[in-house]
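Read through the structure below, which is laid out as structure tokens, and then see the notes.
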Amino acid sequence: MVLLGAASMRSPQLRVVSVVVLAVVLIAGCQAHNESADEQSVHEGTTAGKAITAGTPAGDTKPVLMLGRSVMWGWFKHWGCDGTPESMPIERDGYSLTYSEIAAPPDIATSATDRMDEAREGSVVFFKFCFDDFPGGEDAATRFEDQKDWIEAVVAKAEERRQRVIIGNALPKVALSTDPTLVAEHRQFNARLADYAANSDGNVLVYDFYGVLAGSDGALKADYASSPDDSHPNDRGYAELDPSFFELLGQVAQ
């Protein structure tokens, strides 16, 4: 089944290295990775260098483990998470949403499956690449083979843990960081991911970031960008993602 929808805070005492959030039902850990300047600006100020225990999710909520990096963390900030024990997991629309930062490629699948092992069986797992994982250029086809291997590792772990998987498609960048080769890579990845999901017997679903955030030129819509040179969505961009995302969760988290 495939649904393609129309879809950091810095402590003055601590250097930002990682955030590890442990929940009673879902345990989420943040691992250090090589960040762009844009990503560093999003993580700036997060509680770091120590483990913090999240609040216990309500017993009747459905657990969702959300695996990503700075864009995912920005989404949680949009929902009101500030990295404190009281703000994680996010309880919204009947779901307990827990963020866990995963490593950049080539370690992305290993860190993702480690987090999945810590999550409750039967959880929904949302896995996505970051926009920096799509540099454009002539190696897009080769990169997709690696990306497919990482996706398959996540899917295999989900089958083992009886978890449902949602894969996010490509995140567009601002116009200043976009060129025709990057647009071609994004669209090629999205088409291949949709085809992969269509042949997964319903085990993989796709969330369509690109359809919500990209303009006709393939760049992140200016109204949804943090700034002309920062490809992280702003609050308006995240608000545009929310309806189609929770609609998809409603179909997955039965």
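Which members of segment 179-233 meet the condition of being of a type in the set (D, E, K, R) and within 21 Å of PHE76 (Cα to Cα)? The answer is ASP208, LYS221, ASP223, ASP230.
Looking for whichever is among the hydroxyl-bearing types (Ser, Thr, Tyr), more than 18 Å from GLN163 (Cβ to Cβ) and modelled with pLDDT of 90 or more here; the options are SER87, SER70, SER111, SER100. Which one fits? Give the steps one after another, and end with the answer.
Details: SER87 fails: modelled with pLDDT of 90 or more; SER111 fails: more than 18 Å from GLN163 (Cβ to Cβ); SER100 fails: more than 18 Å from GLN163 (Cβ to Cβ).
Only one candidate qualifies: SER70.
If you go through segment 130-158 and keep only what is over 14 Å from ARG187 (Cα atoms) and among the hydrophobic types (A, V, I, L, M, F, W, C), you end up with CYS130, TRP150, ILE151, ALA153, VAL154, VAL155, ALA156, ALA158. Inspection of segment 187-210 finds no residue satisfying the criterion of being touching a His at 6+ places or on another chain (Cβ under 9 Å) and of a type in the set (Gly, Ala, Ser).
With the condition kept exactly as written, say whether any residue in segment 106-118 is in contact with a helix residue (DSSP H, G or I) (Cβ under 6 Å, 6 or more places away or on another chain), surrounded by fewer than 22 Cβ atoms within 10 Å (Cβ to Cβ) and closer than 28 Å to ASN234 by Cβ. Checking segment 106-118: not a single residue is in contact with a helix residue (DSSP H, G or I) (Cβ under 6 Å, 6 or more places away or on another chain), surrounded by fewer than 22 Cβ atoms within 10 Å (Cβ to Cβ) and closer than 28 Å to ASN234 by Cβ.
State whether the residues of segment 183-196 include one that is farther than 24 Å from GLY250 by Cβ, part of a loop (DSSP other than H, G, I, E, B) and in contact with a Phe, Trp or Tyr (Cβ under 6 Å, 6 or more places away or on another chain). No. Exactly one residue out of SER216, SER200, SER231, SER227 is among the hydroxyl-bearing types (Ser, Thr, Tyr) and within 18 Å of the chain's Cα centre (by Cα): that is SER231.
The values are calculated or read from the model by the stated rules, or taken from the named source; none is laboratory data. Because the structure is a prediction, the values reported are computed rather than measured. We place every Cβ from the backbone using ideal geometry, glycine too, and count neighbours over all the protein chains shown.
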